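The values are calculated or read from the model by the stated rules, or taken from the named source; none is laboratory data. Computed from a prediction, not measured in an experiment: that's the story for all the values here. Glycine also receives a Cβ, built like all others from the backbone with ideal geometry; neighbour counts cover every protein chain displayed. All accessible areas refer to the heavy atoms of the entire protein, side chains included, with ligands and DNA or RNA removed. Shrake-Rupley method; radii C 1.70, N 1.55, O 1.52, S 1.80 Å.
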Amino acid sequence: MAADIGQALAYLRKCKTTKGNSVYDELALALAKVLEDRPVNAVEALETAVLSTPPAASLTVPLVPATSAAAAAKAVATAALFGEPAEVLDPESGEPIEPDAPNDFECEDVEGDGNLFDALGVGLGRPEMQAAMLAVKKLGEDAKRGVATVRFFGKFFGTQADYYVFETTLKDNPDMPEAPEGTVPYEPYGEGVNAYIYFVSNTLGGPLTQLPYVTPDQLKASRLLHRFLTGRLDAPVSAYPAFPGKEAEYLRTLIARISSATVCCPVGFFLADEDSAELSPNDEWEPLKGREMGLPVNWAHRYPHIKDQGRTVTYKRDPPDEEEEPEKNFWTAEEMEEGPAPLSPLDQDNPLALRDGDPVPPPAWSPLHASASVTTRNQVAGVRSNRWPGAVCACAGRHFASLYVGWGLKAVNFTPAPPPPPAAQWAEPLLESNELPPKPAPPEEDEDE
């Protein structure tokens with residue numbers, strides 16, 4: 001009996017009225033008014049207090065009605081992001097449950113990054129970056145996620161919805177299955193293309209979805225496609241050649257390719273280990289002044305290069321006999337590829353393809369400055385990627401950041417892959433057969449007839 005009463009109280013606390021209060025609170029106020037006034041006819045007074053229509057001023061009506069379900073979901077997510085956290089009630093007792101202690105994590109200065117990009121006239125703008133900062137805080141403090149570090153990666157536009165992407169490392173990495181036998185092995189969590197785990201949401205403050213790991217086959221297939229995102233992770237990737245996965249996997253390949261090519265740091269800020277290529281801060285680094293950070297030569301790639309094999313570290317098959325030298329051309333061109341060294345400067349990137357009317361090929365990066373004046377002190381400077389439109393890097397003193405806001409389309413002269421060749425004709429001569437098809441069996445007669 002006590003459990004039934006507790007569940008009933010929890011239900012009354014959960015249900016909301018048009019005033020925005022719970023049914024439990026409204027009934028408590030009505031009973032308190034009856035007990036305070038003590039009218040002659042208490043039943044009628046209680047009915048009047050409960051059933052009376054609230055004044056129009058107290059009704060919770062949005063000033064601007066939502067134009068769609070997506071707009072309404074965004075409004076709810078934004079209100080939850082900037083407002084007080086919702087109370088979680090115990091279904092048995094109806095009492096509020098104490099929330100878990102916030103998770104300890106590290107993150108970059110998202111609001112400060114927004115100021116850098118705003119000074120250069122790029123990015124999302126300060127209001128949206130403020131919301132991104134709160135979304136990073138919400139994700140990092142979630143004890144169930146177990147996040148160790150968080151970075152706001154950026155935003156992908158879609159035809160039906162957008163994606164906000166958060167780059168994280170977890171305190172405990174999930175298990176990853178092994179690659180099928182005879183294929184290129186996957187890079188494990190914490191290494192290479194799977195060094196980070198990404199979460200996405202369609203609205204800042206909305207529900208987050210963890211993207212899957214990325215495989216070499218998916219990266220190789222992604223390089224052959226040039227298509228818009230829909231904004232639905234479960235949408236099929238309708239393209240040729242066929243992509244091994246849905247839009248969640250395709251989005252993950254785009255994040256891997258863009259982060260490898262456009263996440264940068266000032267030259268000399270990190271030092272790379274000769275054996276493991278791990279990065280460590282350089283204590284002797286001194287920031288450049290003025291507009292010098294607008295030159296690509298002063299920026300370096302922070303993440304390793306993804307090779308044609310779909311990995312950052314080339315995988316080579318073992319020779320059949322380890323004691324003998326492998327035959328000539330035993331390893332493929334992908335297995336013999338040697339990528340650029342860690343922390344390679346941006347000025348070493350290949351220029352874009354020559355376009356009609358251009359005397360020289362466009363450079364891979366263009367400078368960005370907060371002021372056209374050369375004499376302005378302490379101004380923000382950075383670079384913009386021409387190969388991945390929407391990718392920018394900004395720096396002021398020791399504070400630097402990278403951000404991507406775009407459609408996930410590479411600026412290349414894209415040529416769709418040709419369809420496969422038609423099937424060959426039957427090699428043997430076609431002869432007419434004199435054999436008749438088998439005679440069908442007669443239908444069985446019913447015993448009743």
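Give me a count of the residues in region 386-405 that are assigned to a strand (DSSP E or B), buried (at least 18 other Cβ atoms within 10 Å of the Cβ) and not β-branched (Val, Ile, Thr). Within region 386-405, residues that are assigned to a strand (DSSP E or B), buried (at least 18 other Cβ atoms within 10 Å of the Cβ) and not β-branched (Val, Ile, Thr) number 10.
Looking only at residues of region 206-217 that are closer than 13 Å to residue 310 by Cα and outside any loop (DSSP other than H, G, I, E, B), we find that the one that is least open to solvent (accessible area, probe 1.4 Å) is 216.
Total residues in region 230-274 satisfying the condition of being open to solvent by 10 Å² or more (accessible area, probe 1.4 Å), among the small types (Gly, Ala, Ser) and over 19 Å from residue 190 (Cα atoms): the figure is 6.
Residue 424 passes every criterion in (1) open to solvent by less than 90 Å² (accessible area, probe 1.4 Å); (2) in a loop (DSSP other than H, G, I, E, B); (3) among the aliphatic types (A, V, I, L, M) apart from (1). Given the condition under 49 Å from the mean Cα position of the chain (by Cα), modelled with pLDDT under 75 and at negative phi, answer yes or no: does some residue in region 24-33 qualify? Within region 24-33, none of the residues are under 49 Å from the mean Cα position of the chain (by Cα), modelled with pLDDT under 75 and at negative phi. When 443, 416, 421, 438 are screened for being in contact (Cβ under 8 Å) with a residue 12 or more places away in the chain and over 30 Å from residue 298 (Cα atoms), only 416 passes.
Set side by side, the residues 159, 169 differ, and just one is out of contact with any helix residue (DSSP H, G or I) (no Cβ under 9 Å at 6 or more places or on another chain), surrounded by fewer than 15 Cβ atoms within 10 Å (Cβ to Cβ), under 19 Å from residue 255 (Cα atoms) and among the hydroxyl-bearing types (Ser, Thr, Tyr), which is 159. Yes or no: region 431-444 includes at least one residue that is within 60 Å of the chain's Cα centre (by Cα) and closer than 30 Å to residue 238 by Cα. The answer is no, given that none of the residues of region 431-444 is within 60 Å of the chain's Cα centre (by Cα) and closer than 30 Å to residue 238 by Cα. For region 341-363, indicate whether the set of residues that are among the acidic types (Asp, Glu), surrounded by 12 or more Cβ atoms within 10 Å (Cβ to Cβ) and assigned to a loop (DSSP other than H, G, I, E, B) is non-empty. Yes, that holds for at least one residue.
Inside region 130-147, residues that are out of contact with any Leu (no Cβ under 9 Å at 6 or more places or on another chain) and either crowded, with 16+ Cβ neighbours inside 10 Å or part of a helix (DSSP H, G or I) (or both) make up a count of 6.
Taking region 218-229 as the range and being buried (at least 19 other Cβ atoms within 10 Å of the Cβ) and in contact (Cβ under 8 Å) with a residue 40 or more places away in the chain as the test, the residues that pass are 218, 219, 229. Quick check on my filter: what residues within region 231-263 are hydroxyl-bearing (Ser, Thr, Tyr) and either under 23 Å from residue 312 (Cβ atoms) or touching a Phe, Trp or Tyr at 6+ places or on another chain (Cβ under 8 Å) (or both)? Scanning region 231-263 gives 250, 253, 259, 260, 262. Screening residue 104 against (1) modelled with pLDDT of 80 or more; (2) in a loop (DSSP other than H, G, I, E, B); (3) open to solvent by less than 60 Å² (accessible area, probe 1.4 Å) leaves a single unmet condition, (3). Taking the criterion of being in contact (Cβ under 8 Å) with a residue 60 or more places away in the chain and not small (Gly, Ala, Ser), the residues of region 134-144 that qualify are 134, 138, 139. The C-beta contact set for region 155-175 (first residue without any contact (Cβ under 8 Å) to a residue 24 or more places away in the chain and over 19 Å from residue 133 (Cβ atoms), second residue assigned to a loop (DSSP other than H, G, I, E, B) and of a type outside the set (Val, Ile, Thr), distance under 7 angstrom, 6+ apart or interchain) comprises 174/189.
Residues that are modelled with pLDDT of 95 or more and of a type outside the set (Gly, Ala, Ser) number at least 3 in the following strands (runs of 3 or more DSSP E) confined to region 223-294: 264-266. What are the pairs with Cβ atoms under 8 angstrom where one residue, in region 354-368, is closer than 23 Å to residue 294 by Cα and the other, located anywhere, is in a loop (DSSP other than H, G, I, E, B) and among the polar types (S, T, N, Q)? Sequence gap at least six, or different chains. Correct list of pairs: 362/386; 363/386; 364/350; 364/386; 365/386; 366/386. Set side by side, the residues 252, 223, 227 differ, and just one is out of contact with any helix residue (DSSP H, G or I) (no Cβ under 6 Å at 6 or more places or on another chain), closer than 29 Å to residue 130 by Cα and not hydroxyl-bearing (Ser, Thr, Tyr), which is 252.
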